[in-house]
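Chemist: Could you have a look at this structure, given as structure tokens, before my questions?
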Amino acid sequence: MLHNIMSDVLSKAITTLKSEFVKKNKGTSHIHEIIPTLPKPLSIDEHDLHMLHKFAENNSIYTDSYEINLLNTICKVYQGDVNNYWLDSIKHDTSYAPFYPIWILSAYALALESKNLGAEQIIDIGSGDGRIAYCAKIVGLKSYAIEIDENLVKLENKISTSTKIDFKPVVADATQFDYTSLELSQPIFFISGLPEVGEMLANSVIPSIRAIPNLKKEPIFVFTGSHIMRKDSRDKSMWGWGKLLERYNLEVIKTVTLPTYWTLDQPIDTPFIFTRSVI
């Protein structure tokens, strides 16, 4: 219970930090990331915080950085552009979700939540630059980053080599990948893509994942939801995932709302829905 409380406190602190940044931000860069310079304000492990900065420093989507005081917390803001990688990521027929990274701090919070829920391995499907798998590794979990785009996997390998964090980048089509080839016991799968777009990927991979033999527990699936639904949305229930959860008999065991790249200019952040099969 204490771990869950700590996880909720961290998530709230990250969203509060983002809200304050939006008020003060005068930059025009395509993408911004905020990471505190000291561990105390967010109660992040000192080594983990150092490694979050190393991820940003060795990631070529960021071109420069500066410091800012937010809520009496000195933070480093990393600025950059994902356009080239975004264009590469949409050229694949089976790449259902283009490269839109969540915040590094958000990836860290999700990795901690995965650990709190008893996961031993994180498999990030549509991993982009590998930030969720990277964070999983620094909090002590095994991880695999499955990405179809070769240039993004090259970036992942560069980050892995430079930081000496082996989060197992794999260039593969997730819809054709053999998940039994991984050493899995209590896995958690992050499936990229917002509702409707991500649903196509989920429908392609969930059946093969469920066929993995000899798992200690039913796998956990994490979906990226939305608090805001378009008028023409096919599914307005359960953050946009209600019909899919019903189809696969999945129950929600946890939701975590965190900042993402695409909600930087919005007051409502992104819900991440942790689910598991109802037996």
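Chemist: How would you order 251-264, 18-31, 99-112 from highest to lowest mean count of nearby Cβ atoms within 10 Å?
Modeler: Going from most to least packed, we get 99-112, 251-264, 18-31.
Chemist: Provide the packing ranking of 69-80, 143-154, i.e. peptides ordered by the mean count of other C-beta atoms within 10 Å per residue, highest first.
Modeler: 143-154, 69-80
Chemist: Grab the DSSP H runs of the chain that are 4 residues or longer, score each as -39,500 (n - 2.57), total them, divide by all residues and round the 222 nm result to the nearest 500 deg cm²/dmol.
Modeler: Here the helix-only value at 222 nm equals -11000 deg cm²/dmol.
Chemist: Give, in nm to one decimal, the length gained when the segment between Thr161 and Arg210 is fully stretched (0.36 nm per residue of separation minus the Cα-Cα distance).
Modeler: Stretched fully, the Thr161-Arg210 segment lengthens by 14.4 nm.
Chemist: Run the numbers for Ser277 and Tyr66: contour at 0.36 nm per residue of separation, minus the present Cα-Cα distance, in nm.
Modeler: 71.5 nm
Chemist: Would you kindly work out the equivalent ellipsoid of the chain from its C-alpha gyration tensor and give its semi-axes, the square roots of five times the eigenvalues, largest first in whole Å?
Modeler: Its equivalent ellipsoid spans semi-axes of 27, 20, 20 Å.
Chemist: Report the label-to-label distance for Leu38 and Glu246 in nanometres (one decimal), using points 7 Å from each Cα along the Cα→Cβ vector.
Modeler: 5.2
Chemist: If you take the beta carbon distance between Thr28 and Ile253 as r and set R0 to 41 Å, what does 1/(1 + (r/R0)^6) give as a FRET efficiency, to the nearest 0.05?
Modeler: 0.55
Chemist: Can you tell me how segment 1-75 classifies by the Cα gyration tensor, rounded, prolate or oblate, using a/c under 1.5 as the rounded cut?
Modeler: Judged from the Cα gyration tensor, segment 1-75 comes out oblate (a/c at least 1.5, b/c at or above a/b).
Chemist: Suppose the Debye formula is applied to equal point scatterers at every Cα of segment 126-279; what is log10 I(q)/I(0) at q = 0.19, 0.21 Å⁻¹?
Modeler: Result of the Debye calculation: -1.33, -1.51.
Chemist: Between Gln186 and Asn151, with labels modelled 7 Å along Cα→Cβ, what's the label distance in nm to one decimal, could you check?
Modeler: Going by the 7 Å Cα→Cβ label model, 4.0 nm.
Chemist: Report the calculated FRET efficiency for Val9 and Ala172 (r = Cβ-Cβ distance, R0 = 30 Å), to the nearest 0.05.
Modeler: Efficiency at R0 = 30 Å is approximately 0.25.
Taken together, the values in this text are just the output of simple stated rules run on the coordinates, not laboratory data. Values in this document were obtained by computation on a predicted structure and should not be read as measured data. Using ideal geometry, Cβ is built from the backbone for each residue, glycine included, and neighbour counts are taken over all protein chains shown.
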